[in-house]
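Structure first, commentary second.
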Amino acid sequence: MEIKPITTYTGKVVPLFNDNIDTDQIIPKAHLKRISKTGFGPFAFDEWRYLDDGSDNPDFNPNKPEYQGASILITGDNFGCGSSREHAAWALKDYGFDIIIAGGYSDIFYMNCTKNAMLPIVLDEPARKYLAEAKEITVDLPNQTVYTSEKSFHFDIDDTWKNKLVKGLDDIAITLEYEEQIKSYEKTKTF
């Protein structure tokens, strides 16, 4: 998976204002049989997204025509609770989401987002409801701001995760930034 830096990002939003959306609702366990990180997008929100006959559920917001192509999910509190499956982050990323704005996250899901080049933002409910009314919003990660043409909202993020996302780095790329120091250290040791 190519990791693209997130600096200033403008995208279309889709609201899904449920609280406590767990990882089994994001990607049901029946779809965890793949051996790669990709290909999970068609199964994201499977039980809500499709009707019993396999057709799109017209009442599910991401299926509605006005939300097609949305890359920013605005949702409720405690998003990504439940099991620690990283597949949930893979499914959302593969679906097309780069940014998720919620009232809060489970700790493991939050970390899985940052490890998979998705920006998880925490904002209070009034801010989320306001942003959900916009067709597009802009996220300025270096300045930690989400805004429309009329209003802006500050969000907090740990500097480590911010740096990783702004530079488009994964854990391996971060380790490789210390390659010379690692080589120097290895020369001093006998194995």
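The values are calculated or read from the model by the stated rules, or taken from the named source; none is laboratory data. All values derive from a computational prediction rather than experimental measurement. Note that we place each Cβ from the backbone using ideal geometry, even for glycine, and neighbour counts take in every protein chain shown. Ligands, DNA and RNA are stripped out before the accessible areas are found, and what is left, the full protein with its side chains, is counted by its heavy atoms. Shrake-Rupley method; radii C 1.70, N 1.55, O 1.52, S 1.80 Å.
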- Mind checking the stretch 1-38 for trypsin sites (Lys or Arg not before Pro) that DSSP puts in a loop (not H, G, I, E or B) and that have at most 11 other Cβ atoms within 10 Å? LYS33
- Message: How large is the Rg to Rh ratio of the stretch 19-107 when both quantities use alpha carbon positions and Rh follows Kirkwood?
- Response: 0.94
- Among all the aspartates and glutamates, which ones have a C-alpha under 18 Å from LYS115's C-alpha, if same-chain residues fewer than 8 places away are not counted? GLU2, GLU86, ASP94, ASP98, ASP107, ASP156, ASP158, ASP159, ASP170, ASP171, GLU177
- Message: Could you put ILE35, ILE3 in order of accessible surface area, largest first, with the 1.4 Å probe and the full protein assembly present?
- Response: ILE35, ILE3
- Note on the structure: Counting only protein heavy atoms and leaving out ligands, DNA and RNA, the solvent-accessible surface of ASP124 at a 1.4 Å probe, in Å² to the nearest 10, equals 90
- Furthest towards positive pole of dipole, LEU141, ALA102, SER55, structure part the stretch 32-191, Cβ charges: LEU141
- Task: Whenever you get a sec, compute what percent of the accessible area on the chain sits on carbon and sulfur atoms (1.4 Å probe).
- Result: 49
- Considering only protein heavy atoms, with the full assembly of protein chains and a 1.4 angstrom probe, order PHE153, PHE109 by accessible area, largest first. PHE153, PHE109
- Based solely on its DSSP helices, what 222 nm [θ] is calculated for the chain when runs of n ≥ 4 H residues each add -39,500 (n - 2.57) and the sum is averaged over all residues, nearest 500 deg cm²/dmol? -7500 deg cm²/dmol
- Message: Under 8 Å for C-alpha pairs, at least 6 residues apart: give me the relative contact order for the chain, rounded to a whole percent.
- Response: 26
- Message: Taking the full set of protein chains and a 1.4 angstrom probe, give the accessible area of GLU150 in square angstrom, rounded to the nearest 10.
- Response: 150
- Expected-Rg normalisation [2.2 N^0.38 Å, Cα atoms] applied to the stretch 8-188: 1.11
